[in-house]
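So the structure is just underneath, and the comments pick up after that.
The values are calculated or read from the model by the stated rules, or taken from the named source; none is laboratory data. What you are looking at is a predicted structure, and each value in this text was computed from that prediction instead of being measured. Positions of Cβ are generated from backbone atoms using ideal geometry, with glycine treated the same way; all protein chains shown enter the neighbour counts.
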Amino acid sequence: MRFADVIGQQEVKDVLLAQVRAGRLPHALLLTGDTGYGTLALALALASYVMCPQQGDSDSCGECSECIKTDKLIHPDLHFSFPVIKKSSGTTTSDTYLKEWLTQLTSEKYFDLTDWLRTIGTENKQAIIPDDEADNIIRKLSLSAYEGGWKVMVIWLPEKMNGSAANTLLKMLEEPSPKTLFILCSEHPEQLLDTIVSRTQRIDVPPLSVEDLTKALMERRGLDRDTAVSVARVAGGSWLKALKQICDADDSKAMLQCFIQLMRLAYMRDLPGLMKWSEGMTTLTREQQKAYLSYMQQMLRENFIYNFGRSELNFMTPQEADFAYKFARFINERNIIRFAEEFAHAQRDVAGNVNGKTIFFNLALQTIILLRK
Ligand SMILES: [Zn+2]
């Protein structure tokens with residue numbers, strides 16, 4: 001993958017390119033932001049760039065044998081570490097799922113944990129970078145580079161590393177080997193050990209601009225300008241969210257329905273209905289539950305903003321706006337903060353394995369109370 005293939009993010013590209021050209025590339029980079037903003041795509045483009053012996057000022061050549069190997073993801077000095085589901089017996093490392101990983105990356109470089117878990121067919125389990133992975137990383141990086149150049153280790157979602165793998169990573173970052181580059185792509189850097197963060201150079205990858213998304217939707221998906229702009233405006237800077245809007249409009253419809261249902265039932269204080277709603281939520285996978293909760297938080301914000309009558313600040317689909325027309329007045333300065341807290345709390349509980357029915361029923365009860373404020 002070349003920088004030219006990464007959507008937008010010109011400023012980040014410029015920073016990375018300048019560092020390589022000046023020979024000042026740190027031994028560990030921490031790219032933070034949603035994978036949908038392009039962290040992983042940038043990591044791959046940077047790996048290609050440092051490994052390309054014929055690199056130009058702004059990109060790898062794309063034609064030499066190194067470039068062809070990195071592009072096909074078969075370069076022996078390009079390594080990956082990523083969250084997986086632990087097998088019940090034997091050792092589990094990222095390599096256990098390497099085939100699936102390469103399939104995923106070949107088909108789409110913008111994806112999230114839910115997509116990845118779907119690819120490995122285990123949606124309803126917690127993904128981690130297991131302990132066994134620590135030795136795997138050491139082993140890979142202790143081999144001398146096959147091609148005599150750089151070794152690159154891309155770690156996707158390092159926040160999913162548990163204690164001992166994280167400690168091993170920390171040791172490796174403390175004693176860097178020459179010509180070894182770590183690229184950490186983190187969506188939740190606040191969950192990383194401070195000691196790891198402090199040994200990396202952090203680069204925050206911002207959401208993609210509406211212009212960059214629009215351009216990409218027109219060029220890569222053949223959308224007309226008007227459609228591209230409206231998709232880009234509700235994508236929150238994420239190519240992944242833009243793609244999801246085009247691909248599974250059904251999913252977002254389901255999320256909106258779920259949100260509308262919760263608000264209606266809570267408004268009517270329909271406890272049996274809310275109990276059913278909570279049960280319905282527990283039939284989703286845990287990753288889906290998290291996705292639904294963040295969608296609902298976004299909807300609450302949008303409805304709050306709707307009251308100010310500043311349409312340029314609102315990012316809703318026509319269906320969402322339709323609901324907001326009548327509903328927005330219930331979300332106001334007296335309850336918006338508490339709403340945000342309650343939904344964020346539920347999201348943490350989902351991640352922390354608390355009983356699903358309890359989480360969602362509690363949330364429903366809080367919604368009844370908050371809607372009256
Ligand atoms: Zn090249």
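Okay, residues lined up against (1) within 24 Å of Arg372 (Cβ to Cβ); (2) in contact with a strand residue (DSSP E or B) (Cβ under 9 Å, 6 or more places away or on another chain); (3) assigned to a helix (DSSP H, G or I):
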residue: Met255; (1), (2), (3): no, no, yes
residue: Ala321; (1), (2), (3): no, no, yes
residue: Ala328; (1), (2), (3): yes, no, yes
residue: Asn332; (1), (2), (3): yes, no, no
residue: Phe339; (1), (2), (3): yes, no, yes
Could you list, in sequence order, all residues of the range 107-128 that are more than 23 Å from Val354 (Cβ to Cβ), modelled with pLDDT of 90 or more and outside any loop (DSSP other than H, G, I, E, B)?
-> Trp116
Please go through the range 23-51 and pick out each residue that is part of a helix (DSSP H, G or I) and away from the ligand (no atom under 16 Å from the Cβ).
-> Thr35, Gly36, Tyr37, Thr39, Leu40, Ala41, Leu42, Ala43
Does any residue in the range 274-289 that is more than 14 Å from Gln126 (Cβ to Cβ) come within less than 6 Å, Cβ to Cβ, of a residue that is aromatic (Phe, Trp, Tyr) six or more places away or on a different chain, and which pairs are these?
-> Ser278/Phe360; Ser278/Phe361; Met281/Phe360
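Kindly check whether there is at least one residue in the range 107-130 that is more than 16 Å from the ligand (Cβ to nearest atom) and over 24 Å from Lys290 (Cβ atoms). Talk me through it step by step, then tell me what you get.
So the first thing to find is which residues in the range 107-130 are more than 16 Å from the ligand (Cβ to nearest atom), and the list is 107-130.
If we keep only those that are over 24 Å from Lys290 (Cβ atoms) as well, we get none.
Among the residues of the range 107-130, not one is more than 16 Å from the ligand (Cβ to nearest atom) and over 24 Å from Lys290 (Cβ atoms), which makes the answer no.
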Among residues of the range 45-66, those that are touching a Phe, Trp or Tyr at 6+ places or on another chain (Cβ under 7 Å) and of a type in the set (A, V, I, L, M, F, W, C), counted = 3
Filter the range 303-328 for residues that are among the charged types (D, E, K, R) and within 16 Å of Leu262 (Cα to Cα); which is farthest from the chain's Cα centre (by Cα)?
-> Lys326
When restricted to Gln104, Gln54, the only residue touching a helix residue (DSSP H, G or I) at 6+ places or on another chain (Cβ under 7 Å) and either within 16 Å of the ligand (Cβ to nearest atom) or not in a loop (DSSP other than H, G, I, E, B) (or both) is Gln104
For Met281, state whether it is modelled with pLDDT of 90 or more and either within 30 Å of Leu363 (Cβ to Cβ) or of a type in the set (Asp, Glu) (or both).
-> yes
Test for Ile7: is it over 23 Å from Ile196 (Cβ atoms), β-branched (Val, Ile, Thr) and either within 16 Å of the ligand (Cβ to nearest atom) or not assigned by TED's automatic domain parsing to the domain that holds Leu105 (or both) | no
